[in-house]
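First the structure, in the form of structure tokens, and then the observations on it.
All of the numbers you see were taken from the coordinates with simple rules; none came from a lab. Model, not experiment: these values are computed from the prediction. Heads up, the Cβs are rebuilt from the backbone with ideal geometry, glycines too, and the neighbour counts pull from every protein chain shown.
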């Protein structure tokens, strides 16, 4: 291991905690000196995560509806999403490179495929748990299938769907780091650069930011759910 | 794709140090050892917590925490930090850092599922066993453990999938395993090698999952009765919780 501190920006006096000779884990000077680079990585991380989860959600909803309509297809869809989930992320990205080359889409599509496992299952479970008498009442009131789905079934299934969305989002934040394989890993790129240059401050900062990002997303989704489903608030 | 299969069928790709053969052995060894260590470390505690009904918040939240922590970050922190990247016997470069990461990420699914499995046993059944004069030890071994077994095995299967995936990522910190074929392929702009490595990793992952799934079915003590029920009458199905990790 060399002591090269992974940067070119140290002045003659050197920053207090990272330089050719100092390599501290905790280093506020690193964060302020490299704030643009850190913000860029963070932004890329957020965008990849959001795109992947959004794509996963858009794919999962029709899959869940088809699976619910045709029971023969249900086990096939659930099995397919489980099989995708079994493939390690590094391998999935490597396989997707054949189709999407070295682009952010490699990571976004790969991560979206992973979210299908939990999203499809929870959508199915949420829709299945809607009480039959509630559906009958809606049909009796003259609700067609479309309006029944949008106005009755999806709102009642929302807590379970949102629980799935939270799990999917938190996992996606963590897995985005592996996207560094194709150089689109958001904070993961800071991690791999950090290990190449043995730069401890960069590694710890990126790690902490990544966990913090997962916590923030989780809290935001929890808040959204509380706003969207006011009727669940009284219960515990 | 065709070139990738050609790479896989070429004997030279498999031989030598850091060939596919050595990497495969390394990764299987890492997976088996870390899964065994994680099971020995956590399963007894998780089962016991489930039996006495305490520590549920920790047992369940550990899976949520595990999900939020990037595997790659832990690998980097350990290998740059105190554990280092020295070669560890058959586990290869950064073997210790990789093993520790694998054990850490195997723990959450094992703990959560074992706890939920024991805790989820119908309290009336446990009461009945107690009423029959069964000692606590016997209640656990004869009632709770058999009923919890399917979920315990689900936890082990999820841990296996997690460990295999994590072991693949170890290559990103220049660690051991089949991920090296993928990362080296990228470094040398050899897309056939990248794809070949990915296919091998995916195929072994699916074989492991399939084997674990079969074992799960085989050991499930309720399998026979469930099958009987299916023919006779529709019994209300027990909702099986399968926490995704």
The protein assembly as shown - Rg (one decimal) and Dmax (whole number), Cα, Å: 24.2, 84
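What translational diffusion coefficient, in µm²/s and rounded to a whole number, does the Stokes-Einstein relation yield for the stretch A:79-182 at 25 °C and a viscosity of 0.890 mPa s, taking the hydrodynamic radius as the Kirkwood radius over Cα pairs? Please report the intermediate quantities before stating the final value.
Values: Rh = 15.5 Å.
Taking Rh from Cα pairs, D becomes 158 µm²/s.
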Given the -39500 (n - 2.57) contribution per DSSP H run of 4+ residues, what per-residue ellipticity at 222 nm results for chain A, rounded to the nearest 500 deg cm²/dmol? -23500 deg cm²/dmol
Round to a whole angstrom and tell me the spacing of the C-alpha centers of the stretch B:54-83 and the stretch A:193-213. 16 Å
Which one of B:129, B:205, B:96 has the biggest mean-square fluctuation once chain B is modelled by GNM with Cα springs under 10 Å? B:129
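How high is the relative contact order of the stretch B:121-180, in percent, counting Cα pairs under 8 Å that sit 6 or more residues apart?
Details: 28 pairs, mean separation 11.6, N = 60.
Relative contact order here is 19 percent.
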Spin-label pair residue A:69/residue A:141, simplified geometry with 7 Å Cα→Cβ offset, distance in nm: 2.4 nm
Burial ordering of B:51, A:45, fewest other beta-carbon atoms within 10 Å first: B:51, A:45
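For a footprinting-style exposure proxy, rank A:192, A:103, A:75, A:171 by other Cβ within 10 Å, fewest first. Could you put the intermediate results ahead of the total?
Numbers: A:192 21, A:103 14, A:75 10, A:171 24.
Lowest to highest Cβ neighbour count: A:75, A:103, A:192, A:171.
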Can you tell me the FRET efficiency between residue A:103 and residue B:134 if r is taken as the Cβ-Cβ distance and R0 is 51 Å, rounded to the nearest 0.05? 0.25
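Between residue B:215 and residue A:43, how high is the FRET efficiency from 1/(1 + (r/R0)^6) when r is the Cβ-Cβ distance and R₀ = 45 Å? Nearest 0.05.
Details: r = 45 Å, r/R0 = 0.99.
Once rounded, the FRET efficiency stands at 0.50.
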P(r) histogram, all alpha-carbon pairs of the stretch A:138-236 included - 5 Å bins from 0, percent: 2, 12, 15, 14, 12, 10, 9, 8, 7, 5, 3, 1, 1, 0
Spin-label model distance (nm) - residue B:174 vs residue B:188, 7 Å beyond Cα toward Cβ: 1.8 nm
Provide the descending list of Cα extents for the stretch A:28-232 along its principal axes, expressed in whole angstroms. 67, 38, 20
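Subtract the Cα-Cα distance of residue A:212 and residue A:80 from 0.36 nm times their separation in residues, and report this length gain in nm to one decimal.
On the way: separation 132, 0.36 × 132 = 47.52 nm, distance 3.19 nm.
Result for the pair: 44.3 nm of gain on full extension.
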Out of A:179, A:144, A:56, a Gaussian network model of chain A with alpha-carbon springs under 10 Å gives the largest mean-square fluctuation to A:144
Evaluated at q = 0.16 Å⁻¹: base-10 log I(q)/I(0), Debye formula over Cα of chain B: -1.10
What residue among B:110, B:58, B:182 shows peak mean-square fluctuation when chain B is described by a Gaussian network model with Cα springs under 10 Å? B:58
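How big, in percent, is the set of alpha carbon pairs in the stretch A:171-225 lying more than 19 Å apart?
Values: 460 of 1485 pairs.
Result: 31 percent of Cα pairs exceed 19 Å.
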Compute log10 of I(q)/I(0) for the stretch B:1-72 with the Debye formula, placing one identical point scatterer on every Cα and leaving out solvent, at q = 0.13, 0.15, 0.23 Å⁻¹, to two decimals. -0.65, -0.73, -1.06
FRET efficiency for residue A:21 and residue A:61, Cβ-Cβ distance as r, R0 = 45 Å, nearest 0.05? 0.20
Each label point is 7 Å from the Cα along the Cα-to-Cβ direction; what then is the distance between the points at residue A:232 and residue A:220, in nm? 1.9 nm
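Averaging sequence separations of C-alpha pairs under 8 Å and six or more residues apart, then dividing by the length of chain A, give the relative contact order as a whole percent. Can you show the working numbers first?
Working: 294 pairs, mean separation 65.5, N = 236.
Rounded, it is 28 percent for chain A.
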Spatial separation of Cα centroids for the stretch A:16-82 and the stretch B:156-173, in angstrom: 18 Å
